[in-house]
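A short worksheet on the structure shown next.
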């Protein structure tokens, strides 16, 4: 469905299916035995006992409401569907707990503009790096991190965890797969924004609400060819944060469809990455300077 009302109907129906306590208890009983592909099906009688239900008619009604959506019947019994396990994982990751007291972090990195120490700010489960002197979000770097990500990590490790998630998620989305739901993504290069301050790359999931706006470098940092080319000119991507990487010079070489050359220049050479409107890497050219 493409209209706004239609798009809202699906999540509303999904929530409505779990609005009854008994259905929720049935689903939780199944998920308590979840072991991925090794999950053992639970028999009808086992499920009834697990939820403390003796009225088979009432139990059948609610079981049928879940069937095909959140549970599946096999010859050996019932198992949760992929939708049920994905929902369960999401609830565990974002379960309603108290807001963490740890909202300001000291990751031990300095502002690339003024050299002042940067502060990590954790608000609404988004992590941002901010400079108090420049009054800015450094590198436009803001990315979500579930509250679980703060546990058992130092401030520096939290920053590294957020960056790792952002790099892997955005790299996957650039290749056409949503990191949240597995659906397809629409990738857009805003050619008019290449020389402006706004992020020129937009990636949106076609199914769920995952979306990102970013500069040119981050989406390509999981491409082995790009990493090898950057390494050849002395850019150790694995040892850098995004704002520490050389800022590429972007040149629009075509607009119908969009095509952009990204040129990274270092003292050891130059790398040119050509990308199209779908953010596919079309060509990589490396020009290494001879060492003296």
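The values are calculated or read from the model by the stated rules, or taken from the named source; none is laboratory data. Remember, it's a predicted structure, so these values are computed and weren't measured experimentally. Every residue, glycine as well, gets a Cβ built from its backbone with ideal geometry; the counts of neighbours run over all protein chains shown.
State whether one or more residues within the range 69-81 are part of a strand (DSSP E or B), at negative phi, assigned by TED's automatic domain parsing to the domain that holds residue 31 and loosely packed, with under 13 Cβ neighbours inside 10 Å.
Within the range 69-81, one or more residues are part of a strand (DSSP E or B), at negative phi, assigned by TED's automatic domain parsing to the domain that holds residue 31 and loosely packed, with under 13 Cβ neighbours inside 10 Å.
Matching residues to (1) touching a residue at least 12 places away in the same chain (Cβ under 8 Å); (2) in contact with a helix residue (DSSP H, G or I) (Cβ under 7 Å, 6 or more places away or on another chain):
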| residue | (1), (2) |
| --- | --- |
| 201 | yes, yes |
| 212 | yes, yes |
| 227 | no, yes |
| 275 | yes, no |
| 279 | yes, yes |
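Somewhere in the range 37-60, is a residue modelled with pLDDT under 85 and surrounded by fewer than 13 Cβ atoms within 10 Å (Cβ to Cβ)?
Yes - at least one qualifying residue is present in the range 37-60.
Go through 261, 278, 254 for me and flag whichever is part of a strand (DSSP E or B), surrounded by fewer than 18 Cβ atoms within 10 Å (Cβ to Cβ) and at pLDDT below 95.
Matching residue, one of 261, 278, 254: 254.
Hey, could you check the range 218-246 for residues that are exposed (fewer than 14 other Cβ atoms within 10 Å of the Cβ) and in a loop (DSSP other than H, G, I, E, B) and say which is modelled with the lowest pLDDT?
236
Looking at the range 128-148, is at least one residue in a helix (DSSP H, G or I) and touching a residue at least 40 places away in the same chain (Cβ under 8 Å)?
Looking only at the range 128-148, we keep the residues that are in a helix (DSSP H, G or I), and these are 147-148.
Those still in the list that are touching a residue at least 40 places away in the same chain (Cβ under 8 Å) too: 147-148.
Yes, there is a match, as at least one residue in the range 128-148 is in a helix (DSSP H, G or I) and touching a residue at least 40 places away in the same chain (Cβ under 8 Å).
Restricted to the range 149-162, and to residues that are touching a residue at least 40 places away in the same chain (Cβ under 8 Å) and surrounded by fewer than 20 Cβ atoms within 10 Å (Cβ to Cβ), which residue is farthest from residue 240 (Cα to Cα)?
Only one residue fits best here, namely 155.
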